Structures are given as structure tokens and as C-alpha cells.
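These notes are about the structure you will find just below.
The values are calculated or read from the model by the stated rules, or taken from the named source; none is laboratory data. Quantities reported herein were computed from a predicted structural model and do not represent experimental measurements. Ideal geometry is used to build each Cβ from the backbone, glycine not excepted, and the neighbour counts take in all protein chains shown.
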């Protein structure tokens, strides 16, 4: 068996059919419930087998024994900056220049490889599920779910705050509401297009000079390269982002960092807030003009 999930039946769910409790209160899919029914001790209430046709009782504890899963990613020993971990989640601060998932050009130097090795050293084995994804050269917080239940429960429910350094003086706060689509003839570059997907980015300037500005951003949508494309569209491309008009004289990668996340833990119900300091390369640029804590 894999992770164990425990749910105390609240008074309002007394005498609710187990099938409905598992779907509505435990957020389990019909497919997962069917699979758990085939597993030994897959679904229990107070240590006894709970059938989907049974009724749950207020105050009792329903235990879900998630099936074990094995990672298909080759494990590689490496440094990992852990910001939070429990039996359901692992949150790490990814450095720049590290891909999240293996691709053709990067088979053994990704975050997935290192997490696979780390989990095995702890005696755990789970499929690598990054709930939020960052570009290779974007640094910051990545949330990894240790089981399918957790991944499905917090998908699209994580508030993410990014920090970026952009060219030119940008003051105040505003919203960029421009549709984004693929640039004609490219399989990577995005552009503002009238027939693109709706895309909304909010930003607030934290420091500005004639040379560059330090901004905090948060998104309503999660399009590929959204921040990079939107900032370029208003004449303030990110430092180091030559794909979208940024210069490489101070940084050789886009100056973008996922520095804060917040979400409700899918099992405990607690509010989780995690912050990660800016990486050294972005700090060095800012320290030329201002002191950033």
C-alpha cells in the first residue's frame, strides 16, 4: 500500500452512503474508488472494511489506503532544497537552469530525477507529479504530489506569486488582459493574438529605476510563457529573456522566480503558505540599485 488518508466523518454526513462520502467529501474519482475496492483493506471505517453500499457514521474515521505506485523516472543523486514535506506533498525550491521533467535533451539532470532518488532513500516510491510547472530557467517553488488523490485535489487551487526584474521604469500596479497564442511558424514562442486564449496577469511594482524594475506578479490564467509574453507586450521584457526581447548583459536567463505559494492542504484542511528567497543572480542585479530583503 501507498499513502494512508484519514477522514473523520462530520455530523452533517451522518448516515451518508459511503459511495457519496468518498466522492464528495474525500474527492475520490469513481475510477479510484473502483480500484480501492479491489485492494486489500483499501477502504476502512474504524479498521473494518467499508463497502460503497454501507453508510458512514458521524465521528467515525474513514481510512483510505492508496495503492502503491512506482516512479518510472531514473533516480539521480543531487541537491534538493526542501521547503515543505509531509506524507502527501513535497515542495522544493528549484534552482534556475534545471528542467522539471525529463525531455529528449535532459534525461538525467531534472528535478524529477533528483526527487526520485530522494524518495527512494526515504523508503518511499511514488510517481513524480508536479502540480505546478516552471520553465527550465525559471526558479522557485514547485509542488509535488505524492499520490493521485492529492494531485487531483489541489490542481488549479494553488495561489502562486512570482517576482521578476523587467527592463525600464514600471511603477504602480495594473492588470494585463491580452489573449495569448502561438506565434505563426513557431512551436515555442507565444504572442498576443486576437484569436488567442484569454490571459490575465496582475502586477505590482516593488522598485523601479530608469534601467529596470522589480515587480510582483500573480495570474488568473496559466498560459505557457504568460508572464514573459505579457511583460514584453507592454514594453518591459524580463532581463535575460532574449526570446521576448530582453537583454543578456546582466543575466543569461529570464529574471523570473516563483517566490510564494499558498493553498489549503487537501487532507488536513490547514492553510499552507510557503516563501522562497530570490536566487543569488537576481539578488545581485537588484543590489546594484536597491537593497532587497
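Looking at the range 265-283, which of its residues are over 22 Å from residue 203 (Cα atoms) and modelled with pLDDT of 95 or more?
The answer is 271, 272, 280.
Restricting to the range 194-206, name every residue that is at pLDDT below 95 and under 27 Å from the mean Cα position of the chain (by Cα).
196
How do the pairs read when you match residues in the range 31-48 that are touching a residue at least 24 places away in the same chain (Cβ under 8 Å) with residues anywhere that are loosely packed, with under 15 Cβ neighbours inside 10 Å and assigned to a helix (DSSP H, G or I), using Cβ under 9 Å and keeping only pairs 6 or more apart or on different chains?
43/37
State whether one or more residues within the range 241-264 are loosely packed, with under 13 Cβ neighbours inside 10 Å, assigned to a strand (DSSP E or B) and either at pLDDT 95 or above or in the same structural domain as residue 81 (by TED's automatic domain parsing) (or both).
Residues of the range 241-264 loosely packed, with under 13 Cβ neighbours inside 10 Å: 248-249.
Imposing the further condition that a residue be assigned to a strand (DSSP E or B) reduces the set to none.
No: zero hits.
Restricting the range 35-55 to residues that are assigned to a loop (DSSP other than H, G, I, E, B) and touching a helix residue (DSSP H, G or I) at 6+ places or on another chain (Cβ under 8 Å), which is surrounded by the most Cβ atoms within 10 Å (Cβ to Cβ)?
So in the range 35-55, the residues assigned to a loop (DSSP other than H, G, I, E, B) come out as 39-42, 46-47, 50-54.
Imposing the further condition that a residue be touching a helix residue (DSSP H, G or I) at 6+ places or on another chain (Cβ under 8 Å) reduces the set to 42, 50-54.
Details: 42: 20, 50: 23, 51: 11, 52: 17, 53: 8, 54: 15.
So the residue we want is 50.
What residue, among those in the range 56-86 that are in a strand (DSSP E or B) and modelled with pLDDT of 95 or more, is surrounded by the fewest Cβ atoms within 10 Å (Cβ to Cβ)?
First, the residues of the range 56-86 that are in a strand (DSSP E or B): 61-65, 82-85.
Subset that is modelled with pLDDT of 95 or more: 82-85.
Numbers: 82: 11, 83: 16, 84: 15, 85: 14.
Only one residue tops the list, namely 82.
Residue 196 versus (1) more than 19 Å from residue 255 (Cα to Cα); (2) in contact (Cβ under 8 Å) with a residue 40 or more places away in the chain; (3) crowded, with 16+ Cβ neighbours inside 10 Å: which is the lone unmet condition?
Failed condition: (2).
Given the structure, is residue 112 surrounded by fewer than 14 Cβ atoms within 10 Å (Cβ to Cβ), touching a residue at least 12 places away in the same chain (Cβ under 8 Å) and more than 20 Å from residue 9 (Cβ to Cβ)?
no
Just checking, how many residues over the range 156-192 are modelled with pLDDT of 95 or more and part of a loop (DSSP other than H, G, I, E, B)?
Qualifying residue count, the range 156-192: 8.
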